[in-house]
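Colleague: This is the structure I want to talk about, given as structure tokens.
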Amino acid sequence: RLAGVQGRFSQIRRALAETGSWRDEVAIGPAGAVSTVILSANLVRDAEGRIDGLVAVFSDISRQKAVERTLVELADRDALTGLPNRRSLDRRIEAAIAGAAACGEGVAVHFVDLNDFKRVNDTHGHAAGDAILAAVAARLATLAGGDAVAFRFGGDEFLLLQPSVCRPEAAAAFARRLVSGLAGPVQTEAMTVAVGASVGTALYPEDGDTAATLVAVADRRAYAAKPPSGGRRNG
């Protein structure tokens, strides 16, 4: 049960010798049943100042830590689609750039803008529009597969991050896959709607070396690829 404490015995002894007390979070218990606790250890001295004992108090905070993890996860997730949201986007892109720079690879950011989505909301209502967005998000997550991570950017806009790209041709092929995959009708329990999407792609290092720059470039290219009102063309 005290496996999480045993590796810190030297640290605890040093703190007790210097200050007479020690307090920190520790994980205890066997694999699969680990609990997080606050361990407080305090030396007890007699009237002459000699060490007379040690009092250790364990306070189980496992439930509190689980709630904190859930709140962090919810803060980084879009409530409607369940995809990672814009809040976590820059952090994930910057991490991908750092990883790619270390191993000489590239990163692709694909901005996905649904075509004429306002018509869906105007014709069928916002509740129907939300259902379509959730269905599109599920399709994007499937299209991403193991090659990318899909994000809800906001409104009818999504973003897919390819964290490891060896050649620009691979990013271009992935973008075509997105356009093709979203060209078919999107089905919900209430309706089937043809939406379609325009996709703009930005590459690291060719188009920039920061998350903000890559997203801005991909956004501009998606906008440039949008069809005239009422029409569709691939981005």
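Colleague: Evaluate the following for V55: is it without any contact (Cβ under 8 Å) to a residue 24 or more places away in the chain, touching a helix residue (DSSP H, G or I) at 6+ places or on another chain (Cβ under 6 Å) and of a type in the set (V, I, T)?
Modeller: The answer is no for V55.
Colleague: Check segment 139-149 and report whether any residue there is more than 20 Å from the chain's Cα centre (by Cα), in a helix (DSSP H, G or I) and of a type outside the set (G, A, S).
Modeller: Among the residues of segment 139-149, not one is more than 20 Å from the chain's Cα centre (by Cα), in a helix (DSSP H, G or I) and of a type outside the set (G, A, S), which makes the answer no.
Colleague: Among residues belonging to segment 145-173 that are touching a helix residue (DSSP H, G or I) at 6+ places or on another chain (Cβ under 9 Å) and more than 18 Å from A135 (Cβ to Cβ), point out the one that is surrounded by the fewest Cβ atoms within 10 Å (Cβ to Cβ).
Modeller: Step by step, filter segment 145-173, then rank; the result is S164.
Colleague: Within segment 174-190, how many residues turn out to be surrounded by 14 or more Cβ atoms within 10 Å (Cβ to Cβ) and not in a helix (DSSP H, G or I)?
Modeller: Total satisfying the criteria: 2.
Colleague: Next up: Return yes when D219 is open to solvent by 20 Å² or more (accessible area, probe 1.4 Å), at pLDDT 95 or above and part of a loop (DSSP other than H, G, I, E, B) and no when it is not.
Modeller: Spelling it out, it is not the case that D219 is open to solvent by 20 Å² or more (accessible area, probe 1.4 Å), at pLDDT 95 or above and part of a loop (DSSP other than H, G, I, E, B).
Colleague: Within segment 110-135, restricting attention to residues that are touching a Leu at 6+ places or on another chain (Cβ under 7 Å) and in a helix (DSSP H, G or I), which residue is least open to solvent (accessible area, probe 1.4 Å)?
Modeller: Ranking the qualifying residues of segment 110-135, first place goes to L133.
The values are calculated or read from the model by the stated rules, or taken from the named source; none is laboratory data. Everything numeric in this text was worked out from a predicted model, so none of it was measured. Glycine also receives a Cβ, built like all others from the backbone with ideal geometry; neighbour counts cover every protein chain displayed. All accessible areas refer to the heavy atoms of the entire protein, side chains included, with ligands and DNA or RNA removed. Shrake-Rupley method; radii C 1.70, N 1.55, O 1.52, S 1.80 Å.
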